[in-house]
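The structure appears right after this line, and notes come after that.
The values are calculated or read from the model by the stated rules, or taken from the named source; none is laboratory data. Everything numeric here is computed off the predicted structure, so don't read it as measured data. Here the Cβ is made from the backbone with ideal geometry for all residues, glycine too, and neighbour counts use every protein chain on show. Just the protein is used for accessible areas: all its heavy atoms, side chains included, with ligands, DNA and RNA removed. Shrake-Rupley method; radii C 1.70, N 1.55, O 1.52, S 1.80 Å.
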Amino acid sequence: MNEYTQLTGEAFWLPIIFIGLMGLAFFVYAILDGYDLGVGILLPKNSEQHRDTMIASIGPFWDANETWLVLGIGVLLIAFPTAHSLVLFHLYLPVTVMLAGLILRGVAFDFRAKALPDHKDLWDKIFKIGSLLATLSQGYMLGIYVMGFESSLKSILFASLSAVCVTAGYSYIGACWLVMKTEGDLQRSATRWARKCGWLMALGLIAVSIVNPWVSPSIYDKWFGSPTLLLLMIIPTLCFSLLFASDRFLKNFSQDLESFSWFPFISAAIIFLMSFIGLAYSFFPYVVPNQLTIWQSASAPESLKFILVGSVVVLPTIIAYTIFSYRIFRGKATQLKYY
Amino acid sequence: MSDPLLDTLLLSRIQFAANISFHILFPSISIALCWFLVYFKLRYKGEGDDVWMRAYRFWVKIFALTFALGVVSGITMSFQFGTNWPGYMETVGNIAGPLLGYEVLTAFFLEATFLGIMLFGINRVSNRMHTIATLLVAFGTTMSAFWIIALNSWMQTPTGFEMRDGKAYPLDWLEIIFNPSMPYRLAHMLVASGLTAAFLIAGISAYRILKKDHKPAPRLALKTSVVAAAILIPVQIFLGDLHGLNSLEHQPAKVAAVEAVWKTEKGAPLVLFAIPDAKTQENKFAIEIPKMASLILTHDVNGEIKGLNEFPNAHPPVAPVFYGFRIMVGVGVLMLLVSWIGVWQLRLIAKGRRQEMSPWLLKIFVGMTFSGWVATLAGWYVTEIGRQPWLVTGVVTTQDAVTKVPASNVGISLTIYLVLYAVLLVAYIRTLFVMANKSVLVDKPNEIETLADQLATRTQKVETAS
């Protein structure tokens, strides 16, 4: 890395700005598509009405939510093309599974309402399976990436653990979304689902936090090799405090607490944020762990500047109209009529 | 024993072709269909224009379904470059990257966000805001086409860049985006979308009428779409001519293959039909019009057209582009005939001299429901296969860009995609006709009250109470 401290000016800063942008895109994706994939995973077999309401709660948002994934992978493509090629080469099959899952989930939204009525149950199953496939594969890919694309049994086991952890995480934030957006029986069920998934997610987070420094000496050093450890301890502390507080809230939830129904969702979002910060800290400045730094794989400054100019104008606009859209659909999910 | 990398190449080509063919089916409908929806909404100015609103409500459901399929297949496309064609990004990534990035930033987010409001927000926002949302979605889909065609056209006729150490670097973004072939190809594609959507609307509306739907909405939709098609098809033919002139100047090998001109000649004949034979370098069973190819392409009966002999080993395979072009033009001619006869009959209906469009013409429209797909796919095959062996003309060949992923992995992914796409295509077409049949039976489509309706009802209640 030492030779890259020779870089000055835009050659040094542009890659940093872009890895930040990419991290932001994937983080926003994890929250937004996290909750709608989570809702899909939680679809219950035995109540069509609940399924209808659950899907109604995410109907207006899923498309825009998914677009953050395209942005994330797009920034990787634009800013770090060699890394992009390497990453997609190693993740070829899991990416295919993820895409299959996203395709199935996306079309199930419409087909369940518009195809023949006796096919609706089938499309609901497809919705659930699609959501599960997309989530498991994303978790698996994260695990393989963290292991630096090493192909070994160790990697496969860790990636499988990661797959379960991410699935629990998305289910958790999905259930928290439902607590915020639904009422009555469904809301009560959501509080139960959220608690279960929360603990599963916590187990996963603990496991990943132990395994990560164990398999990677450089990560071990970054975390435990300096006094920054004290500052870094905020991350797990905040995560587990929020998880615990959320759990208590969900356990004791009643109509009196309705005006705070956003609390579990916001906690979940903060837990995701902390996890991202932890990962980012572990891996910076590598875009491919232990193989490629951001400076090694960055695009030409001319291209980066061209897209940065546009992004600075457009991203705030995107965030503004996204907030506008969520405000229009604020409140409890009402019956979705396609229309 | 075959070269394993060649298997990966062939499988990757098939996979990319399958992915992009499946994908284009849906935006080619949804771009223009959204503009039709904007038109329906603008014609609906409040009470009394109910029929426009009914047409909107029926077609917005089809739009939503089509758009969803376009989105999910589009997300797949955004991964294909990386998974199967890493050489592409490595060589021209500095140019392709930002163009794709701008597509995501200016088009995808816009259309996706306002789609939610357009589809599900009609009872939460004013009629004006809802129309604006519809307009923004239409604008978003058009911007999407703009960026993608800008990039695709740059691959055909690259300008505004320089090569350094085997990588392309941008010099002038305006020259890159507005490269020589871009305006023609963008216009051609947007009009193609117009025609595809028009014939889809006409076909489904004709189907409903044939199934004894007595309501005015399908007749209104039929009229709108047939008139649109009749206007657009001559425009498309004109644009096609301009596009051909541009291709002759910048991509002569492609034109030679499309016209099956084996050897450079002056006053080349227009080959209406033949079986081109690559081995003997001649066209068997040719039905030709003398001098017409030169006339059309150079606007001079004795104009010179370079033959394939001028581009040894650097020209596309002749058969697919030759036949593809003729299929596209054939469908175009059919569209012209059918839409103009349709307009003729509509005029008679307007003058009271006919009650309804003839059943035989309605049946033809039903048969042509997906004619836009055939023409659009054929055209895309001509332009993309016609660029081979180049991936980016003069810069990098397709085979140099392919991945080193083992062929077996590509085989697996290809199988998954093919199965998915076959199932979804069948489901899509069946669902269109399920929806058409359902609408025949209901008196009024499932409606939810607009915000304006709700307020009107409440005002009424207050007035009667006081």
query = Does A:Leu153 meet the test of being open to solvent by 20 Å² or more (accessible area, probe 1.4 Å) and either modelled with pLDDT under 95 or in contact with a helix residue (DSSP H, G or I) (Cβ under 6 Å, 6 or more places away or on another chain) (or both)?
reply = yes
key: Residue that is under 30 Å from B:Ala278 (Cβ atoms), open to solvent by 20 Å² or more (accessible area, probe 1.4 Å), in contact with a strand residue (DSSP E or B) (Cβ under 8 Å, 6 or more places away or on another chain) and among the aliphatic types (A, V, I, L, M), where the choices are B:Leu248, B:Leu242   = B:Leu248
query = Which condition number does B:Thr76 fail, the rest of (1) surrounded by fewer than 21 Cβ atoms within 10 Å (Cβ to Cβ); (2) facing chain A (nearest Cβ under 7 Å); (3) not aromatic (Phe, Trp, Tyr) being met?
reply = (1)
task = Of the conditions (1) farther than 21 Å from A:Leu24 by Cα; (2) part of a helix (DSSP H, G or I); (3) free of Cβ contacts under 8 Å to residues at least 40 places away in the same chain, A:Leu243 clears all except one; give me its number.
result = (3)
query = Restricting the first residue to the stretch A:165-187 and requiring it to be outside any helix (DSSP H, G or I), which pairs with a second residue that is of a type in the set (Lys, Arg) and open to solvent by 10 Å² or more (accessible area, probe 1.4 Å) meet a Cβ separation below 8 Å and a spacing of at least six or different chains?
reply = A:Thr182/A:Lys332; A:Glu183/A:Lys332
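Yes/no per residue for (1) out of contact with any strand residue (DSSP E or B) (no Cβ under 7 Å at 6 or more places or on another chain); (2) in contact (Cβ under 8 Å) with a residue 12 or more places away in the chain; (3) of a type outside the set (Phe, Trp, Tyr):
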| position | (1), (2), (3) |
| --- | --- |
| B:His315 | yes, yes, yes |
| B:Ala319 | no, yes, yes |
| B:Ile349 | yes, no, yes |
| B:Arg354 | yes, no, yes |
| B:Met368 | yes, yes, yes |
ask   = When only residues in the stretch A:39-81 that are closer than 19 Å to A:Lys332 by Cα and among the aromatic types (Phe, Trp, Tyr) count, which is farthest from the other protein chains (Cβ to nearest Cβ)?
value = A:Trp62
query = Taking the stretch B:340-393, which residues are open to solvent by 40 Å² or more (accessible area, probe 1.4 Å) and closer than 18 Å to B:His23 by Cβ?
reply = B:Phe370, B:Val374, B:Leu377, B:Trp380, B:Tyr381, B:Glu384, B:Ile385
message = Test of understanding: among A:Lys251, A:Lys332, which residue is in contact (Cβ under 8 Å) with a residue 40 or more places away in the chain and either open to solvent by less than 30 Å² (accessible area, probe 1.4 Å) or within 14 Å of chain B (Cβ to nearest Cβ) (or both)?
response = A:Lys332
message = Considering only residues that are under 24 Å from B:Arg185 (Cβ atoms) and buried (at least 22 other Cβ atoms within 10 Å of the Cβ), which ones fall in the stretch B:212-231?
response = B:Ala228, B:Ala229
query = So which helices (runs of 4 or more DSSP H) stay within the stretch B:88-192 end to end and still have 1 or more residues that are in contact with a Lys or Arg (Cβ under 7 Å, 6 or more places away or on another chain) and modelled with pLDDT under 95?
reply = B:127-156
ask   = Do we find a residue being within 7 Å of chain A (Cβ to nearest Cβ), touching a helix residue (DSSP H, G or I) at 6+ places or on another chain (Cβ under 9 Å) and of a type in the set (Val, Ile, Thr) anywhere in the stretch B:96-111?
value = yes
ask   = If you check B:Ile24, B:Ile62, B:Ile29, which single one turns out to be part of a helix (DSSP H, G or I) and either aromatic (Phe, Trp, Tyr) or at the interface with chain A (Cβ under 9 Å from one of its Cβ atoms) (or both)?
value = B:Ile62
request  = Looking only at the stretch B:80-99, decide whether some residue is crowded, with 24+ Cβ neighbours inside 10 Å, among the small types (Gly, Ala, Ser) and in contact with a Pro (Cβ under 6 Å, 6 or more places away or on another chain).
outcome  = yes
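Residues checked against (1) crowded, with 23+ Cβ neighbours inside 10 Å; (2) over 30 Å from A:Val288 (Cβ atoms):
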| site | (1), (2) |
| --- | --- |
| A:Asp124 | no, yes |
| A:Ser137 | yes, no |
| A:Leu142 | no, no |
| A:Gly169 | yes, no |
| A:Tyr172 | yes, no |
| A:Trp199 | no, yes |
| A:Ala202 | no, no |
Selection count, the stretch B:297-340, where residues are closer than 30 Å to B:Thr196 by Cα, assigned to a helix (DSSP H, G or I) and not hydroxyl-bearing (Ser, Thr, Tyr) = 22
task = Among residues belonging to the stretch A:294-324 that are closer than 21 Å to B:Ala96 by Cβ and of a type in the set (S, T, N, Q), point out the one that is farthest from the other protein chains (Cβ to nearest Cβ).
result = A:Gln296
request  = Considering only residues that are within 16 Å of B:Tyr421 (Cα to Cα) and of a type in the set (A, V, I, L, M, F, W, C), look in the stretch A:100-122 and name the one that is farthest from the other protein chains (Cβ to nearest Cβ).
outcome  = A:Ala108
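Each row is one residue, and each column tells you yes or no for (1) surrounded by 23 or more Cβ atoms within 10 Å (Cβ to Cβ); (2) free of Cβ contacts under 8 Å to residues at least 12 places away in the same chain.
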| residue | (1), (2) |
| --- | --- |
| A:Ile55 | no, no |
| A:Ala64 | yes, no |
| A:Val70 | yes, yes |
| A:Leu76 | yes, no |
| A:Leu86 | no, no |
| A:Ala100 | no, no |
task = Sort through A:Ser311, A:Ser299 and tell me the only one that's in a helix (DSSP H, G or I) and touching a residue at least 40 places away in the same chain (Cβ under 8 Å).
result = A:Ser311
Matching residues in the stretch B:408-419 - criterion: being of a type outside the set (S, T, N, Q) and surrounded by fewer than 19 Cβ atoms within 10 Å (Cβ to Cβ) = B:Gly411, B:Ile412, B:Ile416, B:Leu418, B:Val419
key: Failed criterion for A:Gly34 (all others in (1) under 24 Å from B:Ile62 (Cβ atoms); (2) buried (at least 21 other Cβ atoms within 10 Å of the Cβ); (3) more than 7 Å from chain B (Cβ to nearest Cβ) hold)   = (1)
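Residues are listed down the side, and each one gets a yes or a no for (1) modelled with pLDDT of 95 or more; (2) under 26 Å from B:Val392 (Cβ atoms):
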{"residue": "B:Asp213", "(1), (2)": "no, no"}
{"residue": "B:Thr224", "(1), (2)": "yes, no"}
{"residue": "B:Gln236", "(1), (2)": "yes, no"}
{"residue": "B:Ser247", "(1), (2)": "no, yes"}
{"residue": "B:Val261", "(1), (2)": "no, yes"}
{"residue": "B:Ala268", "(1), (2)": "no, no"}
{"residue": "B:Leu272", "(1), (2)": "no, no"}
inquiry  = Given the condition at pLDDT 90 or above and of a type in the set (Ser, Thr, Tyr), answer yes or no: does some residue in the stretch B:281-295 qualify?
reply    = no
ask   = Name the residues in the stretch B:310-339 that are over 22 Å from B:Ser21 (Cα atoms) and open to solvent by 80 Å² or more (accessible area, probe 1.4 Å), would you?
value = B:Glu310, B:Pro312, B:Asn313, B:Leu334, B:Leu337
task = Please work out if A:Ser246 is within 17 Å of A:Ser171 (Cα to Cα) and under 18 Å from the mean Cα position of the chain (by Cα).
result = no
